[in-house]
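Structure first, commentary second.
Each reported figure results from applying straightforward, stated rules to the coordinates on display, with no laboratory input. Not measured: the values here are computed from a predicted model. Methodologically, a virtual Cβ is constructed for each residue, glycine included, from the backbone with ideal geometry; neighbour enumeration extends over all protein chains shown.
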There are 2 protein chains.
Amino acid sequence: MGDARRYFALPSPFAMKRGGALAGAVLAYETWGELAADRGNAILILTGLSPSAHAASNADDASPGWWEAMIGPGKPIDTDRWFVLCVNTLGSCKGSTGPASIDPARGDAYRLDFPELTLEDAAHAAYLLVRDGLGIDRLACLLGNSMGGMTALAYLALHPDSAATHISVSTAPQAQPFAIAIRSLQREAIRLDPNWNEGCYDGQAYPVTGMSIARKLGVITYRSAMEWVGRFARIRLDSDDRDEAPFGAEFAVESYLQAHADRFIHAFDPNAYLYLSRASDWFDLAEHGGGSVRAALARIHVERALVLGVSTDILFPLSQQEEIAEGLRAGGAEVDFVPLDSPQGHDAFLVDIERFGAAIGAFLHARPRT
Amino acid sequence: MGDARRYFALPSPFAMKRGGALAGAVLAYETWGELAADRGNAILILTGLSPSAHAASNADDASPGWWEAMIGPGKPIDTDRWFVLCVNTLGSCKGSTGPASIDPARGDAYRLDFPELTLEDAAHAAYLLVRDGLGIDRLACLLGNSMGGMTALAYLALHPDSAATHISVSTAPQAQPFAIAIRSLQREAIRLDPNWNEGCYDGQAYPVTGMSIARKLGVITYRSAMEWVGRFARIRLDSDDRDEAPFGAEFAVESYLQAHADRFIHAFDPNAYLYLSRASDWFDLAEHGGGSVRAALARIHVERALVLGVSTDILFPLSQQEEIAEGLRAGGAEVDFVPLDSPQGHDAFLVDIERFGAAIGAFLHARPRT
């Protein structure tokens, strides 16, 4: 598979918004395509909570990325034209510094000694990579999905002139109580797992139960009831596949959730999950607009924006996408608000490439490479 | 507070649909109003998963019931006119026989030796109470909310001529995969709690964590994102009320969920919860219609029906209420399908008494007391 990650050393110390600082922190990132001589063709992608920087296959890592169908030569995000950059969020565990990283001051993993993390910290770290690491003064486009969409809004709030265009995908200008409730319960499942042990787990005593419940709740809220009626209906597992434990799984939808959980539990650091989940709850763009989300959005200077959302998304409802579109428009941007009827809910941007690819491809195509 | 419960002894043995039988089982129920001489004015109410038979205050128990605003003299379900009866579901823990009851064969609680429970068993037990316990050949109205709505459909499928009218509230003619996924995760939270101990918990070692997660997930899916935006927004707890544990609660919505969980954890038997939850997943009216939900509904003989649902209900979507209405209509009933815009989601029938009371009151008023 190889490893295509490159690393950017953040200034040390890197001060965090809510206090504390990181020493010797790095961001992992991957790139596709060629940066133009004028550095004017860069697209930065900020991810949801769990993805790595490996958004697509490339020369150093041929394995498919999490947005493989979207990024590449001739694809909606066309790497023959654009220099594409994807960052593993600060605080995550896929190469960037996070709670599982070694704290140089102690020679041991940070765990809960990692400073409080906000999406503004993650955004500013990505901004420094772009400006200082790659010498790019202004992105051609800043694109954020889900939590990455919130991070992108933080990026633009902190650095209003840093992108010519913006693509906002299924995100929120502030965390709303339904999403907070879901994430709070995911965190509680991990925290109440005795193996979490206030963050001091290891491979032998690992919060498998908490991570499983958290991930399944994630998958349930990332998809939609409508999709599942068509996909799973009341299909039962073959008797060979049933869980014979009391009240064990017997429906196909239960085994689907279990498969998702099994792939995730050991692939993501539980403490990183907690930090990023709480950072999402804390996110409120109104803090950048004197208490008003709309004022904060109107201060962002992009020429054009594409705001995408899905009618079946229960975690980031269309009303929040519309709020983003209207706020950016109030700031002078030419905004395309495109509500989609994808049946897959919040995750549609990962699977409904037909709809999302068409919208993103058209938006990017319309921008001349100046 | 007193205790208004009366008890009906089921035939012993009481054979269960999926095998096994109960010996010496009872149903707890409460009543309001007077049964007419012709026994033609009886309304049976079947409840959701957790409520008791105490739907409203009465002479023997002055404490408010779970549908206090709906039932009483001059209220939408007017006890000056109707004889109202509410049953604690078979398999529950509020007086009716369930997993926490003593198995007379062993002299110890059933726990997981309780036979597999279906909503058909619960329905048939209630039918026997009505027919044999109270001598009522035909109900004036059978009303079911949520899980009780599924139980009511089972009742009518098993005994198609047993009610003159039917009120169906926020329920489902079969469990769909989104609801199955939610309930499966609630059961998993309890099952994976080490204190559940395959059903052998006690007051000292009790699955508090599992019950807390299960209840919170219930509350999240019983309400609606729209309601919570208005109700909680991003209100934070006072510093005195915050949970200082790592990643502890700091938003008002989190404390609301905790209060709901705290009231529930020790008030409901975890094994009863598991049995009733699984019975809901198993429910499929199509089993009574040769594989077709519509055929099963069309076999039900009621003169009139009122089908109520709420647009913000994510657990029992309006599409399922419409399916019930159309099926009953195909069976010859005069059906009022009333989709409501209550913001409170699935729980609206408990709190939006203005909308639900108006619809139910008008429907019941239109039926002459013959």
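Tabulated data for the structure shown
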| read-out | value |
| --- | --- |
| Using a 7 Å Cα-to-Cβ projection, residue A:240 label spacings across copies, nm, ascending | 6.3 |
| The stretch B:179-275: relative contact order in percent, alpha carbon pairs under 8 Å with at least 6 residues between | 29 percent |
| Which of A:302, B:208 has the fewest Cβ neighbours within 10 Å, and the rest in rising order | B:208, A:302 |
| Debye log10 I(q)/I(0) at q = 0.09, 0.11 Å⁻¹ for chain A, Cα point scatterers | -0.49, -0.75 |
| Sequence-separation-based contact order of chain B, relative, with Cα cut under 8 Å and 6+ spacing, percent | 17 percent |
| Cα-only radius of gyration and Dmax that characterise the stretch B:108-167, units Å | 12.9, 41 |
| Residue-wise HN-Hα coupling along the stretch A:13-21, computed from phi with Karplus coefficients 6.51, -1.76, 1.60 (Hz; x: Gly, Pro) | x, 9, 6, 9, 4, 8, x, x, 7 |
| Calculated FRET efficiency for the pair residue A:7/residue B:239, C-beta based, R₀ 45 Å, to 0.05 | 0.70 |
| Kirkwood Rh, angstrom, the stretch B:238-287 [1 / mean 1/r, Cα pairs] | 13.7 Å |
| Other-copy label distances relative to residue A:62, 7 angstrom Cα-Cβ extension, nm | 8.2 |
| For residue A:103, residues with placed amide H under 5 Å, excluding near neighbours | A:108, A:109, A:110 |
| Cα centroid separation - the stretch A:127-198 against the stretch A:8-32, whole Å | 15 Å |
| Gyration tensor verdict on the stretch B:39-83 (Cα atoms; rounded if a/c is under 1.5, prolate if a/b is larger than b/c, oblate otherwise) | oblate |
| Structure-based [θ]222 nm, the protein assembly as shown - -39500 (n - 2.57) summed over DSSP H runs of at least 4, per residue, nearest 500 | -10000 deg cm²/dmol |
| Footprinting exposure proxy for B:165, A:89 (fewest neighbouring C-beta atoms within 10 Å first) | B:165, A:89 |
| Under the Karplus curve 6.51 cos²θ - 1.76 cosθ + 1.60, θ = phi - 60°, whole-Hz ³J(HN,Hα) for the stretch B:323-334, x wherever Gly or Pro sits | 4, 5, 4, 5, x, 5, 4, 5, x, x, 6, 8 |
| Separation in nanometres of the label points that stand 7 Å from Cα toward Cβ, at residue B:295 and residue A:330 | 5.8 nm |
| Unit Cα scatterers, Debye sum, the stretch A:179-274: log10 I(q)/I(0) for q = 0.14, 0.20 Å⁻¹ | -0.58, -1.02 |
| Percentage, to the nearest whole number, of Cα pairs in the protein assembly as shown over 39 Å apart | 40 percent |
| Hz values of 3J(HN,Hα) by residue in the stretch B:310-320 - Karplus curve (6.51, -1.76, 1.60), Gly and Pro given as x | 10, 5, 8, 7, 8, 8, 10, x, 3, 4, 6 |
| Amide proton proximity set for residue B:336, modelled H, under 5 Å, gap of 5+ | B:305, B:306, B:307 |
| At 7 Å out from Cα toward Cβ: residue B:38 inter-copy label distances (nm, ascending) | 9.0 |
